[in-house]
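Here is the structure we will look at.
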Amino acid sequence: MIDWGWVGDHLGAILGRTVQHLELAAIAVAVGFAISFGLGLLAISYRRTYPLFSGIAGILYTIPSLAVFAALVSVTGLSIYTAEIPLIAYTLVILVRSIVAGFDSVPRDVLEAADGMGYNRRERFRRIVLPLSVPLMVAGLRLASVSSIGLVTISATLGASFGGLGFFIFEGYHREFPTEILVGAVPSIVLAIVVDIAFVRVQRRLTPWAQEQEVRRDTWEGLPSGPSVGF
């Protein structure tokens, strides 16, 4: 049974925790994307580095978040760095692979055509490679964002100053107060869904040609086959 009176009395705190939740996730994804983009550029320029980057990112992803938070407390204290470093590290395995996959998805004949049109390396990357890599990059951002929103709740173990909506989950658990647990859990789920939908719309806005191609393919596949002609 939900105590709506308690919810009404804590609307300000719920809003504040929601904003904090989004801020922590947004910082992690933004910094993680910047690092991953740089590593992706290095990986496509020096192919031997990609297994190294991908392997390190994979190892970081396997480390339990609680263990990382506990280890960082002795180094960075109870600061935002203690919360963000693990969140950023967990985005790398997703973003590095999606960015490199996006770069690799550009057809070779398209690159050769760009070279034939006189594009230099920088122009080809900016006008050809980067736009065509957007779908896979946005797919990686979607996954990294949803994962980060979920992981932010774990940072509530660091104390009342962190965790966003996760604060209510842990506080409600310790107090055996289901309403507070739901106030932390349900909005977290809603945030993840809203962010995922937002990225879908951003992807469609940035890649209108992909939607046109999909419509044309569906239209072509839906056309009836012509009558057979006998001789």
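In region 165-231, counting only helices (runs of 4 or more DSSP H) that sit wholly within it, the ones holding 3 or more residues that are at pLDDT 85 or above span 166-175, 178-206. Consider region 102-133 and keep the residues that are surrounded by fewer than 17 Cβ atoms within 10 Å (Cβ to Cβ) and of a type in the set (A, V, I, L, M, F, W, C). The one that is nearest to L41 (Cα to Cα) is L130.
Name every residue in region 69-92 that is over 16 Å from G150 (Cα atoms) and either surrounded by fewer than 19 Cβ atoms within 10 Å (Cβ to Cβ) or within 14 Å of the chain's Cα centre (by Cα) (or both), in order of residue number. Correct list: A70, A71, V73, S74, V75, T76, G77, L78, S79, I80, Y81. A single entry from R142, R124, R108, R48 fulfils the requirement of being within 16 Å of the chain's Cα centre (by Cα) and not hydrophobic (A, V, I, L, M, F, W, C): R142.
Residue by residue, here is whether (1) surrounded by fewer than 19 Cβ atoms within 10 Å (Cβ to Cβ); (2) under 20 Å from the mean Cα position of the chain (by Cα); (3) over 17 Å from S145 (Cβ atoms) holds:
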site	(1), (2), (3)
A25	no, yes, no
V29	no, yes, no
A34	yes, yes, no
G38	yes, yes, yes
L42	yes, no, yes
F53	no, yes, yes
L66	yes, no, yes
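Checking each residue in region 115-150 for being hydrophobic (A, V, I, L, M, F, W, C), without any contact (Cβ under 8 Å) to a residue 60 or more places away in the chain and within 30 Å of L191 (Cβ to Cβ) picks out L130, L136, M137, L143, V146. Residue count for region 171-186 satisfying the condition of being surrounded by fewer than 19 Cβ atoms within 10 Å (Cβ to Cβ) and either in contact with a Ser or Thr (Cβ under 9 Å, 6 or more places away or on another chain) or within 16 Å of R17 (Cα to Cα) (or both): 7.
Only residues that are at pLDDT 85 or above, over 30 Å from F69 (Cβ atoms) and β-branched (V, I, T): list them for region 115-159, please. Across region 115-159, the qualifying residue is only V134. Within region 1-21, residues that are in contact (Cβ under 8 Å) with a residue 24 or more places away in the chain and of a type outside the set (A, V, I, L, M) have Cβ atoms under 9 Å from residues that are part of a helix (DSSP H, G or I) and surrounded by fewer than 13 Cβ atoms within 10 Å (Cβ to Cβ) in no pair, counting only partners at least 6 apart in sequence or on another chain.
The values are calculated or read from the model by the stated rules, or taken from the named source; none is laboratory data. Everything quoted here is computed from the prediction, not taken from an experiment. Because the Cβ atoms are built from the backbone with ideal geometry, glycine has one as well, and the counts that use them run over all protein chains shown.
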